[in-house]
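Chemist: Right, I'll just put the structure down here and ask away after.
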Amino acid sequence: MNGQELTDENKIDSYLKYNFSDLWLQTDEQFVYGIIGEEYEKISIKIISVSKNLSQPNEYYVYGKSMVEANVCEFVGKISITKIQEAKNQRFGVDDEYKGKTDKQGFLTAEYEFYENNKQSHSGVFKGQLQTKWYLTDSAMKYNDLDSVSDGYFNNAFVGIWKMYNSKLEKICHWGDYRVPNVDCDFDIGTAEFNVDAEKYSGKGWLDVILKNRMPHGGEVIQNKSDEPVKHWWE
């Protein structure tokens, strides 16, 4: 991920004592982009809480919500870490800003299963593989965003499928932080940041992203002018 070279050895046993929960809770929802189906319809995913299974330290219980168009479903499930690799050469951001502030950097691979509430409409199960970049500092596991200002940066790549309950209907479903992983090269046309082709994808739920990238400095499409707090779709 992001071209960082890794060691071959799986060091999962050395790292299970650490808590990785926060790595999947760091990124603002507006920068988590996802697709569902071969036509790359937009799906929004919000992971709301993550807790470590103390009896199985490679497992994490997850609660969150998904949204396609106006259809919102809650889900529960787990992330199971299967591999942890260390980076051969650490990166320290622009002009080595973070040099000396990390002990180790690396990459984890996991399997995930998230089950939507079967009492809600158009519900099913998400399954696939997750890859996450991390760094260790002062015996604490941190989300690796040290290179987040670089073009093409992304993290927390979820790559898999969504399958509807009691049906043969199955769709590809990928999402990630700042970019969508494993998609056709002509889908993400952004250089410095994620963007999609307006003519091809505006009708697939991506109009907000298209408009945002057309505004100066990536400004908000709609500003809240009232004193009332904005209610997010997952609340």
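Chemist: Of the numbered conditions (1) of a type in the set (A, V, I, L, M); (2) at pLDDT below 95; (3) assigned to a strand (DSSP E or B); (4) under 24 Å from Q30 (Cβ atoms), L136 satisfies every one except a single condition; which is it?
Modeler: Tallying (1) of a type in the set (A, V, I, L, M); (2) at pLDDT below 95; (3) assigned to a strand (DSSP E or B); (4) under 24 Å from Q30 (Cβ atoms), L136 fails exactly one: (4).
Chemist: Hey, can you tell me all the residues within region 113-141 that are crowded, with 20+ Cβ neighbours inside 10 Å and either of a type in the set (K, R) or more than 22 Å from A87 (Cα to Cα) (or both)?
Modeler: F114, E116, G124, F126, G128, K133
Results for (1) over 19 Å from S123 (Cα atoms); (2) of a type outside the set (D, E); (3) at pLDDT below 95, shown as yes or no for each residue.
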site	(1), (2), (3)
T27	yes, yes, no
E41	no, no, no
V62	no, yes, no
N71	no, yes, no
V76	no, yes, no
Q85	yes, yes, no
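Chemist: Among the listed residues S49, S21, S14, which satisfies the condition of being of a type in the set (S, T, Y), farther than 26 Å from Y153 by Cα and surrounded by fewer than 21 Cβ atoms within 10 Å (Cβ to Cβ)?
Modeler: Unique residue meeting the criteria: S14.
Chemist: If D147 meets every condition in (1) in contact (Cβ under 8 Å) with a residue 40 or more places away in the chain; (2) more than 15 Å from the chain's Cα centre (by Cα); (3) outside any loop (DSSP other than H, G, I, E, B) apart from one, which number is that one?
Modeler: All conditions are met except number (3).
Chemist: Right, V180: among the aliphatic types (A, V, I, L, M), surrounded by 15 or more Cβ atoms within 10 Å (Cβ to Cβ) and under 16 Å from T27 (Cα atoms) or not? Don't jump to the end; show me each part of the working.
Modeler: Numbers: among the aliphatic types (A, V, I, L, M): yes; surrounded by 15 or more Cβ atoms within 10 Å (Cβ to Cβ): yes; under 16 Å from T27 (Cα atoms): yes.
Considered against the rule, which asks whether it is among the aliphatic types (A, V, I, L, M), surrounded by 15 or more Cβ atoms within 10 Å (Cβ to Cβ) and under 16 Å from T27 (Cα atoms), V180 comes out as yes.
Chemist: Let me ask you something else. Scan K200, K231 and give me the residue that is in a loop (DSSP other than H, G, I, E, B), more than 20 Å from D145 (Cβ to Cβ), at pLDDT 85 or above and basic (K, R). Walk me through it before giving the result.
Modeler: Values: K200 fails: in a loop (DSSP other than H, G, I, E, B).
Within the list K200, K231, the selection yields K231.
Chemist: Is region 134-144 home to any residue that is more than 19 Å from the chain's Cα centre (by Cα), of a type in the set (S, T, N, Q) and closer than 23 Å to W234 by Cα?
Modeler: no
Chemist: Can you pull out the residues in region 14-30 that are touching a Phe, Trp or Tyr at 6+ places or on another chain (Cβ under 8 Å) and among the small types (G, A, S)?
Modeler: S21
The values are calculated or read from the model by the stated rules, or taken from the named source; none is laboratory data. If you're wondering where the values come from, they're calculated on a predicted model, not measured in any experiment. Quick reminder, even Gly has a Cβ in these numbers, built from the backbone with ideal geometry, and neighbours come from all protein chains shown.
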